[in-house]
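First the structure, in the form of structure tokens, and then the observations on it.
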Amino acid sequence: MTESGIYLYAVTSEAGDACLSVRGVLGEPVRKIGVGDLAAYVSTVPLDQFGEEPLARLLEDLDWVGEVARAHHRVVEAVAEAGPTAPVRLVTVYSGEEQVRELLERRHDDFLAVLSRVAGRREWGVKAYVDPEAASRMAGGGTAGGDASARREAPAGRTGAGPGTAYLQRRKANLHNREDLWRHAVAWAERLHAALGEVAVAGRRHRPQDPQLSGRKEWMVLNGAYLVEEDRSAEFAAAVAAFREAATESGTGAGPGMDVELTGPWAPYSFTAVELETEGREGGAR
């Protein structure tokens with residue numbers, strides 16, 4: 001018989017049972033482990049996949065990781081609907097229920113502090129993109145500004161440059177315009193982050209996503225997460241919408257092609273970090 005481990009999804013102080021109907025990783029049923037005023041939501045997983053060595057190989061399989069991540073997120077969101085929730089990192093696996101109980105006892109105060117902080121609040125994501133092809137259009141003869149840039153690069157005293165020289169001039173102008181576009185977009189992203197910080201309880205800037213993950217070819221100039229009071233959600237969304245409209249209309253200020261994307265609300269993944277010890281665990285966290 002295959003040995004099994006305990007997959008941990010989230011910890012909460014308001015233990016409800018509604019989420020127990022949600023299936024977890026590999027379609028396994030979710031159950032609750034309670035210790036005092038804390039509860040952990042878990043399911044059983046086989047160690048031939050979630051043990052240390054097989055897990056290291058499977059984490060290279062993006063399809064497998066994606067399936068696990070979707071199941072993990074589904075359980076966490078169901079738990080978060082019932083009350084304050086501290087999501088645990090993806091693929092956190094313990095060898096038995098007793099280790100989970102020990103965790104809840106040992107980190108009791110840490111979990112309660114995190115849960116108190118996120119009570120009545122949800123996480124929203126805001127991403128801002130700018131289209132780098134706009135710089136090519138600006139420099140490649142598609143606009144009067146692009147032609148003017150190329151003419152400014154022409155050596156003094158020469159009115160007729162050859163094809164090779166003209167090409168290099170256009171490339172140089174394109175480079176300058178891309179740099180200008182990037183600076184403008186970053187400045188606008190800073191303004192957006194600051195403006196949203198006025199509404200949110202807290203905000204964090206994550207590293208820009210790889211285009212393969214974001215599914216977009218544009219430059220990502222902001223990948224922000226914001227912890228927002230539930231009764232200010234509409235105000236937060238309105239602030240994003242107002243900025244999106246201003247950025248679209250500004251042209252030379254934000255750069256052509258800038259777009260602002262709002263996602264959420266989510267369980268507060270970015271604001272509930274409790275570092276869990278790896279000693280004695282069968283799996284790992286990532």
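Read-outs throughout are calculated quantities, based only on the coordinates presented, and are distinct from any laboratory measurement. None of the values given here were measured: they were computed from a predicted structure. Every residue, glycine among them, receives a Cβ derived from its backbone with ideal geometry; neighbour counts consider all protein chains shown.
Some observations on this one:
- Cβ-placed point charges (K, R +1; D, E -1), dipole of segment 4-119 about Cα centre in debye, nearest 20: 240
- From phi via Karplus (6.51, -1.76, 1.60), per-residue ³J(HN,Hα) for segment 89-95 in Hz, x at Gly/Pro: 4, 4, 6, 9, 10, 10, 7
- Segment 1-129: C-alpha gyration tensor shape, a/c 1.5 cut-off, then a/b vs b/c: oblate
- Taking the number of Cβ atoms within 10 Å of each Cβ as an exposure proxy, the fewest-first ranking of VAL100, VAL260 is VAL100, VAL260.
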